[in-house]
1. Please report, as a whole percent, how much of the solvent-accessible surface of segment 68-108 comes from carbon and sulfur atoms (probe radius 1.4 Å).
2. If all Cα-Cα distances of segment 10-52 are sorted into 5 Å bins from 0 onward, what percent lands in each bin, rounded to whole numbers?
3. In Å², what does the accessible area per residue of segment 10-52 work out to with a 1.4 Å probe?
4. Given a 1.4 angstrom probe, I'd like the percentage of the accessible area of segment 10-52 that is carbon and sulfur, rounded to a whole number.
5. Going toward the positive end of the dipole of segment 10-52, with +1 on Lys and Arg Cβ and -1 on Asp and Glu Cβ, which of Q29, C16, S48 do you reach last?
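The values are calculated or read from the model by the stated rules, or taken from the named source; none is laboratory data. None of these values were measured; they are calculated from a predicted model. Neighbour counts run over all protein chains shown; Cβ positions are idealised from the backbone, glycine included. These area figures cover heavy atoms from the full protein model, side chains too; ligands, DNA and RNA do not enter into them. Shrake-Rupley method; radii C 1.70, N 1.55, O 1.52, S 1.80 Å.
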Amino acid sequence: MAFGTDRQMYDVDLTCAKCGAHISQLPFQPSGDRPVYCSDCNRAFRQSRMGGQGGGFSRGPRAPRQMYSVNLTCASCGTAITELPFQPSGDKPVYCRSCLQARRNSMAA
Ligand SMILES: [Zn+2]
Ligand SMILES: [Zn+2]
């Protein structure tokens, strides 16, 4: 699939659903019931989707993990938990660090 051969193009006579530009060729057969976008809008759309999700998750220095202050007890051993790396949903049991590690180890084993 990774060969550099020319993609098959379909001759169409459409307008971009976003900017109204004329589209004369598409790399796929238009189904007719979906909006079609010009290559510029397609690229912009793809970029905004990649950059918008996760907020640059995969690049740059890793941000320090946010900790949430909580007042809970470990569902397994009863140890007090004052900080969590995630916001507790309230309907799931929460475990202290050592119990989490033990659970993770037992799952990996
Ligand atoms: Zn467009
Ligand atoms: Zn525990």
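1. That fraction is 48 percent.
2. That works out to 5, 24, 30, 23, 12, 5, 1, in percent per bin.
3. Values: 3350 Å² over 43 residues.
The answer is 78 Å² per residue.
4. On the way: 1610 of 3350 Å².
That share works out to 48 percent.
5. S48
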